[in-house]
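Engineer: Let me begin by handing over the structure; questions about it come next.
Quick note: the coordinates plus some simple rules give every number you see, no bench work behind them. None of the values given here were measured: they were computed from a predicted structure. Counting neighbours? That spans all protein chains shown, and the Cβs are built from the backbone with ideal geometry, glycine included.
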Amino acid sequence: MVFWVFGYGSLVWNPGFEYDEKVIGYIKDYRRVFDLACIDHRGTPEHPARTCTLEYQKGAICWGAAYSVRGGPEREKLAMEYLERRECEYDSKTLVNFYKEGDFSESEPSLTGVIVFTSTPDKESNKYYLGPAPLEDMARQIATASGPCGNNRDYLFLLEKALFDIDHEEDYVIELANEVRKVLGNLKEKKSAGPTHLPLKSHIPPLQLHPLPEAIAMDS
């Protein structure tokens, strides 16, 4: 028995479960976007964080890490139970093909049937889907959101570093991270200027969400 799961967000640097093998690689026709609300890890119902999900885009490539769990149904069950609690804001599990580093010229994937947690890009059917927003608004939200696992900005900065560490930096992540740094710099300047300056607030209205049952303090 072997079970594979693909991580493209915090799973890249913090899998959090026992695994037997980690492989750096990519999946095709998906791009990473910060369009999903997180209300119990890096945010709250009143001020949700923005975390990664995948958006279908023909020809796109998303780099990350695939993890295997071997040893039978019990180990697989424990890993999946952990992941389902951790990835509780994702409403779908998709099976994808996975390509190892160096397989760009290969037409056949290295692995098939790899599980990846995704979210339906529809606000009507998926209450955690925020959708796209202007870069500046996303940066304001990320710069100021925090939850039991820490603040939203560190989630973004850790992903930026993780992609750098696997030698596959992503322009979208870098651009968003730099915009968040700019917001944080402005906040610091306004704070040091004195009480006559109003704090910078996000233009994104809070989601009318309630904490998930038995929320646990682990990353998403």
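Engineer: Determine, for 40, 171, the number of other Cβ atoms within 10 Å of each Cβ, and report the residues in order from fewest to most.
Structural biologist: On the way: 40 23, 171 7.
Ordered from fewest to most neighbouring Cβ atoms within 10 Å, 40, 171 come out as 171, 40.
Engineer: Which of 146, 107, 10, 92 comes first, and how do the rest follow, when ranked by fewest Cβ neighbours within 10 Å? Let's see the in-between values first.
Structural biologist: Values: 146 16, 107 6, 10 23, 92 12.
Fewest to most other Cβ atoms nearby, the residues stand as 107, 92, 146, 10.
Engineer: Once Rh for region 2-193 is found with the Kirkwood sum over Cα pairs, what is the Stokes-Einstein diffusion coefficient at 20 °C and 1.002 mPa s, in µm²/s?
Structural biologist: This corresponds to a translational diffusion coefficient of 123 µm²/s.
Engineer: Tell me which lysines have Cα within less than 22 Å of residue 182's Cα, excluding those fewer than 8 residues away on the same chain?
Structural biologist: Answer for residue 182, where 22 Å is the Cα cut-off: 161, 190, 191, 201, listed by chain and number.
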